[in-house]
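Novice: The structure follows.
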Amino acid sequence: MHVVRVVLAFLRVAALNELQYRANFVLQLIQSLLALGTGLVILALVFDQVTDLNGWTHPQILAVMGVHVMMGGLIQMVIQPNILQFMADIEEGTFDYVLTRPVDAQLLVSIRSFRIWQATDVLVGAVVLIIAVTRPGHAVEPATAMLFAASFLVGWAMLYSVWLILATTAFWFVHVDQIVDLLNGFYQAGRWPVGIYPGWLRHGLTFLVPLAYAITVPAEVLTSKVSAGAVAGAAAFAVVLVALARWFWRAGLRRYASASS
Amino acid sequence: MEPAIRVARLCKTFSVPERDPGVRAALAALFHRKTREVTAVVDVSLEIASGEIVGFLGPNGAGKTTTLKVLSGLLHPTSGDVRVLGHVPAMRETAYLCEIALVMGNRNQLQWDIPVADSFLLHRTIYRIPWADFRRRRDELVALLELEDLLRKPVRNLSLGERMRAELAASLLHAPRVLFFDEPTLGLDVVMQKRMREFVAEYNRRHGATILLTSHYMADVSTLCRRVIVIHRGRICFDGDLETLSDEVAAYKEIWVTLGEPADLSMYGEIRSCDGVRIALRVPKASAPGVTARLLQNHPVLDLTVEDPPLEDVIEMAFRAGPSAPDVAPPSEDRVR
């Protein structure tokens, strides 16, 4: 309960911060629509030439795009700003104050910064997803919707864990800002179903940077291309990743040397 | 009664990367990184009773902040036993963190872009402070630190002095029993320094909080601390009250005398300064009464004062003495700030 209150308190602070910069909302919306528009144009160009991509139809790839935009919005809204602040704290010595708070340090590091206006990406992605999966006579069953929500959550937990593991290396190397660009670069590959890539890349995008589980699998749930068993397997993998991230984080905390006074 | 802080044979070493200057060395370091073991704290043992205000002094790099950070749970000790209020700080238990506060001079913990009052509310949630207690403590701290006009301002619009007062208030909202102050008056003007000292003394008087304070400003130490711990090169070289420190390390007095006519007073002691008729002499403590009597007897004295050596000189001598603390000669003109 205290955890929920702390999360809500930081959400409130983030809202107070962002509400001071209203222009950001308009700019963010424009940016989201531009990015989406570009993606839709590319999709249309591809499907002008082919009727499917390695077994994926136009609506199914549109669903992948919707999940990609939603997940990207969540990353930009929650994960990336907190990871960036954590890395800045390590460099500048302000991480000390995080450790003196009576809140789990990993939780605190993960919720201190929200970029509220990035929620526009989540909304835009949700709209695209709804358009992709709802056709006359083909409504989404409640069980499918719940399985989708579960697989989306599992995918999000995996991506968060990968981001955290890489950011934790800051305890050893201090300057690791490049991981943000690296992960954002990889993330662009998730715009397309992982199945269309060659084997070596497919495996990398499944087990190293688990975009397959984060984006493709939730889209597959909604387009009836995957079963509940597959989602259960993804959940098991997520548990391992989350545990690994937690263990590594605690190792990093013990290693923490603080900055000069 | 159990001491609030107990440290037994604390050691802390760091592995620090180092390389030669230059691009070639930087490139080589990409493939072969050299590190050096730095011992920041060696065999430090101390006990601080509940309610004490203790000054923790030492030159830059002596190990003060490292010790403070070990005590506040930021750093794991390399070896030794550390207990604060019965807790092991490195475990960072919630109950422990709710009982301590760390205030570092010129470091910011408040939310930068929102009003001070909103930062206080966030603090209330994090520390689970009941509303009634929160309002009472907030009102007390706002009154003591004169923050009424600042509560609605974003932190980034405050001056350094205003921000430090707000930081101090935020740190005390949860009524910590142990306060770690790491150079809390750093960068503040003399008026603000005085206000901060008065506040800390009053807070200690009202709430009996145990305070461990590091500072390079001797006025902080002399005003607030009866007891000082001097640390140098990672080792404690003195632990006791200021008068004893002065007696042990700086066994001399300074005699300021204004004469009716110029005279050579070098036979009485070491001349520290001579401005025509105003002369400063340094004499051993034991001989100060005799020297004073002879000056009054043999010379037309218009004014005479006998003073203990400035605290800055005493501390500097303690630093130079180091952990083994033999007697040393008094310092020259360069002084500790």
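Novice: Compactness ratio of chain B: Cα Rg over 2.2 N^0.38 Å, N = residue count?
Specialist: 1.20
Novice: Can you tally the net charge around B:ASP113? Count Lys and Arg as +1, Asp and Glu as -1, for every other residue whose Cβ sits under 10 Å from the Cβ of B:ASP113.
Specialist: Charge balance in the 10 Å sphere: -1.
Novice: Scan around B:LYS253 for amide H atoms under 5 Å from its own, H built in the peptide plane at 1.01 Å from N, and keep only partners 5 or more places away or cross-chain.
Specialist: When sequence neighbours closer than 5 places are left aside, the close amide H contacts are B:VAL283, B:LYS285.
Novice: Give me the Å³ per residue figure for the convex hull around the C-alpha atoms of the protein assembly as shown.
Specialist: Taking the convex hull of the Cα positions in the protein assembly as shown, it is 213 Å³ per residue.
Novice: Quick one: what are the phi-derived ³J(HN,Hα) couplings along region B:96-108, Karplus 6.51/-1.76/1.60 with θ = phi - 60°, whole Hz, x for glycine and proline?
Specialist: 5, 5, 6, 9, 10, 9, 10, 10, 10, x, 6, 10, 10
Novice: Follow-up. Output the relative contact order of chain B, whole-number percent, from Cα pairs under 8 angstrom with separation of 6+ residues.
Specialist: About 18 percent, as a whole number.
Novice: How many angstrom lie between the Cα centre of region B:26-67 and the Cα centre of region A:179-247?
Specialist: Answer, in whole Å: 44.
Novice: Quick one: compute a quarter of the convex hull surface over the Cα atoms of region B:83-183 and quote it in nm².
Specialist: Quarter of the Cα hull surface area: 6.4 nm².
Novice: Hey, can you grab everything whose amide H is under 5 Å from the amide H of B:ILE231? Only 5+ residues off in sequence or another chain; H modelled, so Pro and N-termini drop out.
Specialist: B:LEU57, B:GLY58, B:CYS237
Novice: I would also like to ask the following. State which helices in chain A qualify, where a helix is a whole DSSP H run, it must extend 15 Å or more along its own axis by its Cα atoms, and its mean Kyte-Doolittle hydropathy must be at least 0.0.
Specialist: TM-like helix candidates: A:2-18, A:22-49, A:58-74, A:119-133, A:142-168, A:178-188, A:228-255.
Novice: Output the 0 to 90 degree angle, nearest 10, between the alpha-carbon long axis of helix B:160-172 and the longest principal axis computed from the alpha carbons of chain B.
Specialist: 60
Novice: Something else now. R0 = 45 Å: FRET efficiency of B:ALA219 with A:VAL242, Cβ-based, nearest 0.05?
Specialist: 0.30
Novice: Among B:TYR127, B:TYR252, what is the fewest-to-most ranking by other Cβ atoms within 10 Å?
Specialist: In increasing order of surrounding Cβ atoms, one gets B:TYR127, B:TYR252.
Novice: What list of ³J(HN,Hα) values in whole Hz, one per residue of region B:131-137 in order, does the Karplus curve 6.51 cos²θ - 1.76 cosθ + 1.60 (θ = phi - 60°) give from phi, with Gly and Pro shown as x?
Specialist: Using θ = phi - 60°, the values come out as 4, 4, 5, 4, 4, 5, 5 Hz.
Novice: Less than 19 Å apart at the alpha-carbon level, and either on another chain or at least 8 residues along: which aspartates and glutamates does that give for A:LYS225?
Specialist: Once the sequence-local aspartates and glutamates are set aside, what remains near A:LYS225 is A:ASP52, A:GLU141.
Novice: Another one. How big is the C-alpha Rg of region A:61-185 next to the rule-of-thumb value 2.2 N^0.38 Å, as a ratio?
Specialist: 1.25
Novice: Measure nothing fancy, just the Cα-based angle from helix B:288-298's long axis to the longest principal axis of chain B, in degrees from 0 to 90, nearest 10.
Specialist: Its long axis makes an angle of about 40 degrees.
Novice: Related question: Search the structure for amide H atoms under 5 Å from the amide H of B:ARG272, placed 1.01 Å from N in the peptide plane, and list their residues when 5 or more places away or on another chain.
Specialist: Close amide H contacts, sequence-distant or interchain: B:ALA280, B:LEU281, B:ARG282.
Novice: Could you work out how far apart the two model spin labels at A:ILE196 and A:ALA230 are, taking each label as a point 7 Å from the Cα in the direction of the beta carbon, and quote it in nm?
Specialist: For A:ILE196 paired with A:ALA230, the spin-label model returns 1.6 nm.
Novice: Still on this model: For region B:192-200, what does the Karplus curve 6.51 cos²θ - 1.76 cosθ + 1.60, with θ = phi - 60°, yield as ³J(HN,Hα) per residue in whole Hz, taken in order and with x for Gly and Pro?
Specialist: Per-residue couplings from phi come out as 5, 4, 4, 5, 5, 4, 4, 5, 4 Hz.
Novice: Near B:PRO59, within a Cβ-to-Cβ distance under 10 Å, what is the net charge of the other residues, with Lys and Arg +1 and Asp and Glu -1?
Specialist: Residues close to B:PRO59 contribute a combined charge of +2.
Novice: Check the straight Cα-Cα distances from B:LYS285 and name the lysines below 30 Å, setting aside those fewer than 8 residues away within the same chain.
Specialist: B:LYS253
Novice: From the square roots a ≥ b ≥ c of the eigenvalues of the alpha-carbon gyration tensor of region B:1-155, which class results: rounded (a/c under 1.5), prolate (a/b over b/c), or oblate?
Specialist: Cα axes put region B:1-155 in the oblate bin.
Novice: Within a 10 angstrom radius of the beta carbon, how do A:PHE148, B:PHE199 rank from fewest other beta carbons to most?
Specialist: Lowest to highest Cβ neighbour count: B:PHE199, A:PHE148.
Novice: Sticking with this structure for a sec: Leaving out same-chain residues fewer than 8 places away, which lysines sit with a Cα under 26 Å from that of B:LYS194?
Specialist: B:LYS64, B:LYS69, B:LYS153
Novice: May I pose another question? Among A:TRP117, B:TRP131, B:TRP112, which comes first, then next, by fewest other beta-carbon atoms within 10 Å?
Specialist: B:TRP131, B:TRP112, A:TRP117
Novice: Another question about this same structure. Can you tell me the 0 to 90 degree angle between the C-alpha axis of helix B:311-321 and the longest principal axis of chain B, rounded to 10?
Specialist: Roughly 80 degrees, rounded to the nearest 10.
Novice: Here is a follow-up. Given 10 Å bins starting at zero, what is the percent of C-alpha pairs of region A:48-98 in each, up to the one with the largest pair distance?
Specialist: 22, 26, 20, 16, 12, 4
The numbers here are math on the coordinates, done by the rules we state, and not lab data. Computed from a predicted model, the values in this text were never measured in an experiment. Glycine also receives a Cβ, built like all others from the backbone with ideal geometry; neighbour counts cover every protein chain displayed.
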